[in-house]
Amino acid sequence: MEANAGMVAGSHKRNELVRIRHDSDSGPKPLKHLNGQICQICGDTVGLTATGDVFVACNECAFPVCRPCYEYERKDGNQSCPQCKTRYKRHKGSPRVEGDDEEDDVDDIENEFNYAQGNSKARRQWQGEDADLSSSSRHESQQPIPLLTNGQPLSGEIPSGTPDNQSVRTTSGPLGPGEKHVHSLPYVDPRQPVPVRIVDPSKDLNSYGLGNVDWKERVEGWKLKQEKNMMQVTSRYPEGKGDLEGTGSNGEELQMADDARQPLSRVVPIPSSHLTPYRVVIILRLIILGFFLQYRTTHPVKDAYPLWLTSVICEIWFALSWLLDQFPKWYPINRETFLERLALRYDREGEPSQLAPIDVFVSTVDPLKEPPLVTANTVLSILAVDYPVDKVSCYVSDDGSAMLTFEALSETSEFARKWVPFCKKHNIEPRAPEFYFAQKIDYLKDKIQPSFVKERRAMKREYEEFKIRINALVAKAQKTPEEGWTMQDGTPWPGNNPRDHPGMIQWGLDTDGNELPRLVYVSREKRPGFQHHKKAGAMNALIRVSAVLTNGAYLLNVDCDHYFNNSKALKEAMCFMMDPAFGKKTCYVQFPQRFDGIDLHDRYANRNIVFFDINLKGLDGVQGPVYVGTGCCFNRQALYGYDPVLTEADLEPNIIVKSCCGSRKKGRGGNKKYIDKKRQVKRTESTIPIFNMEDIEEGVEGYDDEKSLLMSQKSLEKRFGQSPVFIAATFMEQGGIPPSTNPATLLKEAIHVISCGYEDKTDWGKEIGWIYGSVTEDILTGFKMHARGWISIYCMPPRPAFKGSAPINLSDRLNQVLRWALGSIEILLSRHCPIWYGYNGRLKLLERLAYINTIVYPLTSIPLIAYCVLPAICLLTGKFIIPEISNFASMWFILLFVSIFATGILELRWSGVSIEDWWRNEQFWVIGGTSAHLFAVFQGLLKVLAGIDTNFTVTSKASDDDGDFAELYVFKWTSLLIPPTTVLVVNLVGIVAGVSYAINSGYQSWGPLFGKLFFAIWVIVHLYPFLKGLLGRQNRTPTIVIVWSILLASIFSLLWVRIDPFTSSSTKAASGQCGINC
């Protein structure tokens, strides 16, 4: 199927750029782009002058202020710009006020920002001696693009919403009121060097609007005055009747105005009746655990000393592991969002939407393991999301350069033209067609339009035909032609070699009529000899290409099998990101993962309910949840390595600094001294961003260092790479691309930023973007942001935001857990380990404990497997890890077990998790700990210490074609199955041997046997789901598993019986035992 626009493929280093077009293409469509200016005081549009130009109140900093607010400031205010404090000059048509006669110059707003005529000096200062570093990026774009496949060159312009195309404060569209453009820089044609305004060192920097936030006080005073006037007016109309003079507002609109000022979300505290007993039991359990360990360490078992010592070491490790897991859950919270307030503030009906633009990322690699139909459903749910279409762009990263993915995406774009209007017309959920039509519910509920049934039937037929076309593409792709794949116009597919191909970009959808969001296909360049960093590298390429093409202020990434289950998910995220209270310090909003296709009893704990509904809720009350790799909305500034905008309360020293240096002194001076000292330390670290937003916001001393970095293009290119277009995009805090930008230039620059050598000698993957160094790049990326002081938010809307698929097969599940555990071990052995990294930052203590627990949990597999084997050894040898139990000792054992169960029950009470989910989680903790986690420890050590790399395998997302949960019973051989099977067999043999010994020894031996049997049965019960997975539906297990397990268990058991290490030589001789020389 033809795509709607030609594909662009090329390699920056080879100076190649080719556009593949189809005969039916009629030419590129211009990109829709709004460029409205919003008054930063009242939130209305700035408006135009009599000549049709954008009204610019201040010709010093171009701070957006509308004409009424400008007149108000001149007449009743301080007659100066709220940002740079420069006195307003009188504009044509404005009444004169006191002080106008003192002006001796003429208003020259038209030429104030004409950089083309008089700013060559600034350009030279920007370039300096480093012009050679990016000469290819700046000057190649000046050459005409060569004619491409069908002889049609790229052309077209982005229409601008305002004539002021070179304003310093240009943004991509109407954004929220009250937002400061701290990092906005002048942006000119990308074919020209990026200009920078010259800063006069002798002049107060506040006059340039850098970091001056005093205007907020004046805005608040103005709002209070307005509210007072409203109260006076409403007192005249106590019944809400009558209009306000000059506004046409009534009492209802006043109420709407009040609602628009309310917070967009709130914290819902967990009732103290649930939380207080939970915390009390935790403290009691800690005390009991201390007494228990004291008893265990002071009462050794002399005739079984090795067993006793092993058990005590394991118990101490389990206690430390419990502390790391438990205390980050000390402050669990819930959150609630107010979508109606978000609409009142930023998305009023009949007015241009002020919601921020968002770029959505979808990542895929292998279409044979990740079916194109699954990816298509994810893309369709994104295109149909409930958000302004001109504010959403969907980027699909094909890291396998598969023509199957490209053609499936082209089919998806065609079907979306029918599917998206149907979804929005009838407000259906979910908006992934496969899962919508598969719902076993009354689809007529709440539907009132008579045409719905007929249209639904027609749409279902359309979708079935769409599935047939996708299936035909998959069948065709099973056998690759010898000469490689060829596109319909005869052009060879550029990605025939997935390890050596140029970068490719395809604009899949146009937005004529504002019906559909943009859909972009991206496959980054790959060449032999370059390190591509797997998924993390692909995500960083998407960051750059999206910044060049659309530059949404926020990013949201999902895996190809995670579709939008809630069409309002983006608005849920914006309730936090666009909240004036903490939006500036929120790095990401994480949504919980929910899954389809899981068996009813969730045999292998695929849902991870305990982690998502207990652990992450607890972290949300500290500094925020960890990043889990999908379903996460990011602040683009946080990914660029910038520091957050923090309040004085946020700058309080953490508990470690307080304990070492004492509390911070009261008063302004003490605060200033502490902050300056902290910044001085931070600048010595490699993690400090080039632009510390905190310093710029507060306008502190020492700004000369920041200014010198700002003026150095070499420093910018070293950090972000040699792309002036991308560097300029990083300064646009509110996102958007500049007006009058040539799409041909943008596409050429987009090919540049996804080239395989772009990241060389830059900070990509080290300090900015997704961080490299682990197969679980999500943990590392979130940790670096939290270490800089950012917070994250956990959003759990009533309707789950996203749903995905999970491997329900035992072997696939263990391989997935192996990959996660291996990534944790890699972080543990790296310089970014939370145990020793980032103590000069703003990472809170409980958040650090959570990250430490996240990376050390695989190590628990070693004491766990030892502890699981101990009961069998005790049964086979007749020894025990505990001496004769007295009443005092039995009391601590009973109290410990009671406290463990009480903690679990109270945890389930405040979280709402069912006891079955909790028990499945406990069982799989033992299954994973004795298999995947153990292998991960040794593989991680081999990889880090010996350099032996392990292959990353993509988890299969196969569809269930053989009936409900058929995949659950399929057996797939993997070496991960051997250790748990061995533990099972050894304990079963031990139980048989122990019972046999008790029968032969008489009644007195049954008492000690019960303690040993309890621990052995505890192990078997936890491994029961694993045993069911081995047996499968037909109750058959491959011979190799049985042979290996019985062999190892038998050898282990016979060795212990033969050696009998706990019996002395004299005892053996007395009992008649002798050796080979008897």
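The values are calculated or read from the model by the stated rules, or taken from the named source; none is laboratory data. Predicted model, so just to flag it, every value in this text is computed and none were measured. As a convention, Cβ positions derive from the backbone with ideal geometry for all residues, glycine included, and neighbour counts pool all protein chains shown. Each accessible area value is taken on the protein alone, full model and side chains, heavy atoms only, with ligands, DNA and RNA left out. Shrake-Rupley method; radii C 1.70, N 1.55, O 1.52, S 1.80 Å.
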* To do: Starting at the first residue of region 353-364, write each ³J(HN,Hα) from the Karplus equation 6.51 cos²θ - 1.76 cosθ + 1.60 with θ = phi - 60°, in whole Hz, x for Gly and Pro.
  => 5, 9, 5, 6, x, 10, 9, 9, 9, 10, 10, 9
* Towards the positive end of the charge dipole of region 37-97, with charges on Cβ (+1 Lys, Arg; -1 Asp, Glu), say which of 84, 94, 52 has the farthest Cα. => 94
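Net charge near residue 815, counting Lys/Arg +1 and Asp/Glu -1 over other residues with Cβ under 13 Å of its Cβ?
On the way: positive: 369, 813, 819, 972; negative: 812.
With Lys, Arg at +1 and Asp, Glu at -1, the net is +3.
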* Between region 784-821 and region 424-476, the Cα center-to-center distance that results, in Å -> 28
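When Lys and Arg each count +1 and Asp and Glu each count -1, what net charge do the other residues less than 12 Å away from residue 476, Cβ to Cβ, add up to?
Overall, the nearby charge balance is +1.
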* Structure fact -> Relative contact order as a percentage, region 37-97, C-alpha pairs under 8 Å and 6+ apart, gives 26
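Mean separation of Cα pairs under 8 Å and 6+ residues apart, divided by the residue count of region 728-883: what relative contact order is that in percent? Walk me through the intermediate numbers first.
Values: 78 pairs, mean separation 29.7, N = 156.
Value for region 728-883: 19 percent.
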* Asked: Of the heavy-atom accessible surface of region 37-97 (probe 1.4 angstrom), what whole percent is carbon and sulfur?
  -> 51
* Structure fact -> Listed by chain and number, the residues whose amide H is under 5 Å from that of residue 557, excluding neighbours fewer than 5 places away on the same chain and using placed H, are 361, 631, 632, 634
* Structure fact -> Surpassing 20 Å at the alpha-carbon level, of the pairs 467/535; 535/844; 424/460; 584/844, are 467/535; 535/844
* Once the piece of chain linking residue 898 and residue 51 is laid out straight, how much longer is it, given 0.36 nm per residue of separation minus the C-alpha distance between them? -> 296.9 nm
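Report the FRET efficiency, 1/(1 + (r/R0)^6), for residue 469 and residue 914, where r is their Cβ-Cβ distance and R0 is 45 Å, rounded to 0.05. Walk me through the numbers before you get to the answer.
Working: r = 42 Å, r/R0 = 0.93.
Efficiency at R0 = 45 Å is approximately 0.60.
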* Applying the Karplus parametrisation 6.51 cos²θ - 1.76 cosθ + 1.60 with θ = phi - 60° to the phi angles of region 560-569, what ³J(HN,Hα) value in whole Hz is obtained for each residue in order, glycine and proline being reported as x? -> 5, 9, 10, 9, 6, 7, 10, 5, 9, 4
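In debye, nearest 20, what is the charge dipole magnitude of region 415-507 about its Cα centre with +1 on Lys and Arg Cβ and -1 on Asp and Glu Cβ, if you could check? If you can, show how the numbers build up before the last one.
Details: 18 positive and 12 negative charges, 128 e Å.
Here region 415-507 has a charge dipole of around 620 debye.
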* Please report, in whole Å, how far the alpha carbons of region 37-97 spread along each principal axis, starting with the longest. => 26, 22, 19
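Excluding ligands, DNA and RNA, what is the solvent-accessible area per residue of region 37-97 at a probe of 1.4 Å, expressed in Å²?
Numbers: 2580 Å² over 61 residues.
I get 42 Å² per residue for region 37-97.
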* **Selection from 807, 827, 782, by position along the positive dipole direction of region 698-852 (Cβ)** => 807
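If we count every other residue with Cβ under 10 angstrom of residue 401's Cβ, Lys/Arg +1 and Asp/Glu -1, where does the sum land?
On the way: positive: 499, 524, 526; negative: 398, 399, 500, 525.
Once all neighbours under 10 Å are counted, the net charge is -1.
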* Asked: From the phi of every residue in region 68-73, what ³J(HN,Hα) in whole Hz does the Karplus formula 6.51 cos²θ - 1.76 cosθ + 1.60 yield, where θ is phi - 60° and glycine or proline is x?
  -> x, 5, 4, 5, 5, 5
* Could you list which residues have their amide H under 5 Å from that of residue 641, counting only those 5 or more apart in sequence or on another chain, with H placed in the peptide plane? => 769
* Asked: For region 312-464, which whole-number percentage of the solvent-accessible area (1.4 Å probe, protein heavy atoms only) is attributable to carbon and sulfur atoms?
  -> 56
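When a/c is below 1.5 the answer is rounded, else prolate if a/b is larger than b/c, else oblate, so apply that to region 763-848 with a ≥ b ≥ c taken from the square roots of the Cα gyration tensor eigenvalues. Walk me through the numbers on the way to the answer.
On the way: a/c = 2.13, a/b = 1.32, b/c = 1.61.
Because a/c hits 1.5 or more and a/b fails to exceed b/c, region 763-848 counts as oblate.
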* Structure fact -> Under 5 Å from the placed amide H of residue 519, counting only residues 5+ away or on other chains, we find 394, 508, 509
* Structure fact -> So for region 306-378, using the alpha carbon gyration tensor with a ≥ b ≥ c as root eigenvalues (a/c under 1.5 gives rounded; past that, a/b versus b/c decides prolate or oblate), I'd call it oblate
